[in-house]
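Novice: What follows is a single structure, and I will ask about it in a moment.
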Amino acid sequence: MAVAASWPSLASEGGLSSYLRKIHSYPILEAGDEYMLAKRWREHADRDAAHQLVTSHLRLVAKIAMGYRRYGLPVADLVAEGNVGMMQAVQRFDPERGFRLATYAVWWIRAAIQEYVLHSWSLVKMGTTAAQKKLFFNLRRLKGHLRALEYGDLSPENVTKIATELSVPEAEVVSMNQRLSGPDYSLNAPPDDETDGQWLDQLADDSLDQERVLADAQEFQWRSRLLHGALDHLNARERDILVARRLRDDPATLDELSQKYAISHERVRQIEIHAIEKLRRAMRGIR
């Protein structure tokens, strides 16, 4: 997705305050505008639509990227990796699923930045397991809960608590704590020598006002009614398979459903795909 040519650039630490001012010039999209732009990109590969979707969320990327400054990596690189994650999110975003783009994009942005941190931070280059990654990105939070941030070495009691919380060996907690004992960067520090205020002042407040909260709640209720009405167009088996595979927090496997209905895995998959298409057509008709 080549949509970054006209974005403001972040060439150095000193240019961060200028970059933050520039990205604030991009408007935050209303839900309806976001939906139509996402449809234009998904159905017509409209690059202008994709550009608007990405640039309207650059503030979100910057805010998330700033949360990873404590690892001692250049903010410009963190933001750049976050922007890559944002583009990936736009490329895969399906507006018909009823979620706002920001909710979906957060996971892509964090994943891109975390992958960069893990591959770039000198003490972690040796590689980590999934459990070690979880420890790497959660140790500071847990130390804060235990009020142990100001201490270098953890007490044996705190080591045990953290190891239990994250299901990792105590030796890995001790080792990772030693790796992460470098200096932190405070958001309360001034952006540069010539600027008053703090880094924290440069970040947008993304919290929703009461009107937006009410509007989102009403939109969710409307989409829920739309979905339940469309489900009535499916037969019992189609509805059961679709709900089990797509609408549960713990989706059923193809093997479980094939045993339940005494059909092959491929047949379950075909029914699921057919049910999704029927559901989409029904929802368009209800609209």
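Novice: One-quarter of the Cα convex hull surface for the stretch 207-287, in nm²?
Specialist: Averaged projected area of the stretch 207-287's Cα convex hull equals 6.5 nm².
Novice: I would also like to ask the following. Hey, fewest Cβ within 10 Å first, where do GLU157, GLU170, GLU34 land in order? Walk me through the intermediate numbers first.
Specialist: Details: GLU157 10, GLU170 14, GLU34 21.
The most exposed by this proxy come first: GLU157, GLU170, GLU34.
Novice: Would you mind getting the Kirkwood hydrodynamic radius of the stretch 8-81 from its Cα pairs, rounded to one decimal in Å? Display every interim value, and only then the final one.
Specialist: Details: mean 1/r = 0.0745 Å⁻¹.
For the stretch 8-81, the Kirkwood estimate is 13.4 Å.
Novice: Going by how many other beta carbons lie within 10 Å of each one, how would you line up ILE113, ILE64, fewest first?
Specialist: The fewest-first ordering by Cβ neighbours comes to ILE64, ILE113.
Novice: Report the charge-dipole magnitude of the stretch 210-286 in Debye, nearest 20, computed about the Cα centre from +1 at each Lys and Arg Cβ and -1 at each Asp and Glu Cβ.
Specialist: Details: 15 positive and 13 negative charges, 63 e Å.
Charge dipole, the stretch 210-286, about its Cα centre: 300 debye, nearest 20.
Rule-based calculations on the coordinates, nothing more; no lab input. Values in this document were obtained by computation on a predicted structure and should not be read as measured data. All Cβ positions, even for glycine, are placed from backbone atoms using ideal geometry, and neighbour counts span all protein chains on display.
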